[in-house]
């Protein structure tokens, strides 16, 4: 079953950290790269401190099992990928039914694409990886489904309109967007981030968990806590404020929203800090939207 899918995080976490230093894209203006996220992301997942597709495996399984391609193999686009996790779930879900999907992974950074290729080779899967801003991506054949996780919050409200327009162009009529996103009722117009209290709690939690898992992580806890500080500075999502906002966004872009449901909490809130991208923090919703 997909909810029991075990990803090879202990193998891929050090690989991802190394690849991030080599491959993460740099902003031509500032010189900053996304290594602050991709280098530590899988370590955070190992410690249970990163919200990822695994926390909503039942939803993705149910949504994808109802999606079948117009041809022999469903064409699935993974739109944005912190690592290979979304790909892993797509492959496992379809393979349960003896179906081999045609998967394309699109991301503007080479690191998650390299991790996706690494995972696909392990699983004897043939995939296509494209390094491209999704807003600029085009394909010669329409997709049956677009899968992503916590991706809407990477775009400003204005950019989200363009994102939904692009997704619609990439889907066949009747194709679906399948995703999970956090909503922040009462949030302001600007980016969200770690408050000083959240940052202190997150740093302490990383250090505590890294100490307890030292042998498994094979990394100095103090170094991981230092990198977590950099991660907290970079993690500044654009908030989605309500279900109504999501509904209007999709409907105005030419979609029918078939599901807009509460996502189950991924962790006991009292055990983890309430902060961006942390499982169990805040309210998340599951979305299935069909292209009209």
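The values are calculated or read from the model by the stated rules, or taken from the named source; none is laboratory data. Remember, it's a predicted structure, so these values are computed and weren't measured experimentally. We place every Cβ from the backbone using ideal geometry, glycine too, and count neighbours over all the protein chains shown.
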Take residue 53 and tell me if it is closer than 25 Å to residue 141 by Cα and surrounded by 21 or more Cβ atoms within 10 Å (Cβ to Cβ). no
If we scan the range 113-133, do we find a residue that is out of contact with any helix residue (DSSP H, G or I) (no Cβ under 8 Å at 6 or more places or on another chain), closer than 30 Å to residue 187 by Cβ and not in a strand (DSSP E or B)? yes
Determine whether the range 14-23 contains at least one residue that is out of contact with any strand residue (DSSP E or B) (no Cβ under 9 Å at 6 or more places or on another chain), in a loop (DSSP other than H, G, I, E, B) and farther than 24 Å from residue 175 by Cβ. no
Only listed residue being under 16 Å from residue 288 (Cβ atoms) and loosely packed, with under 14 Cβ neighbours inside 10 Å, chosen from 185, 173: 173
Any chance you could count how many residues in the range 51-99 are touching a residue at least 40 places away in the same chain (Cβ under 8 Å), closer than 18 Å to residue 174 by Cβ and in a loop (DSSP other than H, G, I, E, B)? 5
Here are some residues: 210, 253. Which one is modelled with pLDDT of 95 or more, surrounded by 15 or more Cβ atoms within 10 Å (Cβ to Cβ), within 30 Å of residue 142 (Cα to Cα) and in contact with a helix residue (DSSP H, G or I) (Cβ under 6 Å, 6 or more places away or on another chain)? 253
Scan the range 94-113 and tell me whether some residue there is in contact with a strand residue (DSSP E or B) (Cβ under 9 Å, 6 or more places away or on another chain), surrounded by fewer than 17 Cβ atoms within 10 Å (Cβ to Cβ) and under 30 Å from residue 66 (Cβ atoms). no
Working only within the range 114-145, note down all residues that are farther than 25 Å from residue 20 by Cβ and touching a strand residue (DSSP E or B) at 6+ places or on another chain (Cβ under 6 Å). 142, 143, 144, 145
Restrict the check to the range 264-272 and report whether at least one residue is within 23 Å of residue 155 (Cα to Cα), surrounded by fewer than 17 Cβ atoms within 10 Å (Cβ to Cβ) and within 22 Å of the chain's Cα centre (by Cα). no
Flag if residue 221 is at pLDDT 90 or above, out of contact with any strand residue (DSSP E or B) (no Cβ under 9 Å at 6 or more places or on another chain) and buried (at least 17 other Cβ atoms within 10 Å of the Cβ): yes
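Per-residue answers, yes or no, for (1) over 16 Å from residue 224 (Cα atoms); (2) modelled with pLDDT of 95 or more; (3) in contact with a helix residue (DSSP H, G or I) (Cβ under 7 Å, 6 or more places away or on another chain):
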position	(1), (2), (3)
10	no, yes, yes
76	yes, yes, yes
88	yes, yes, yes
104	yes, yes, no
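Yes/no matrix, rows are residues, columns are (1) in contact (Cβ under 8 Å) with a residue 40 or more places away in the chain; (2) closer than 26 Å to residue 66 by Cα; (3) out of contact with any strand residue (DSSP E or B) (no Cβ under 6 Å at 6 or more places or on another chain):
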site	(1), (2), (3)
184	yes, no, yes
206	yes, no, yes
210	yes, no, yes
240	yes, no, no
247	no, yes, no
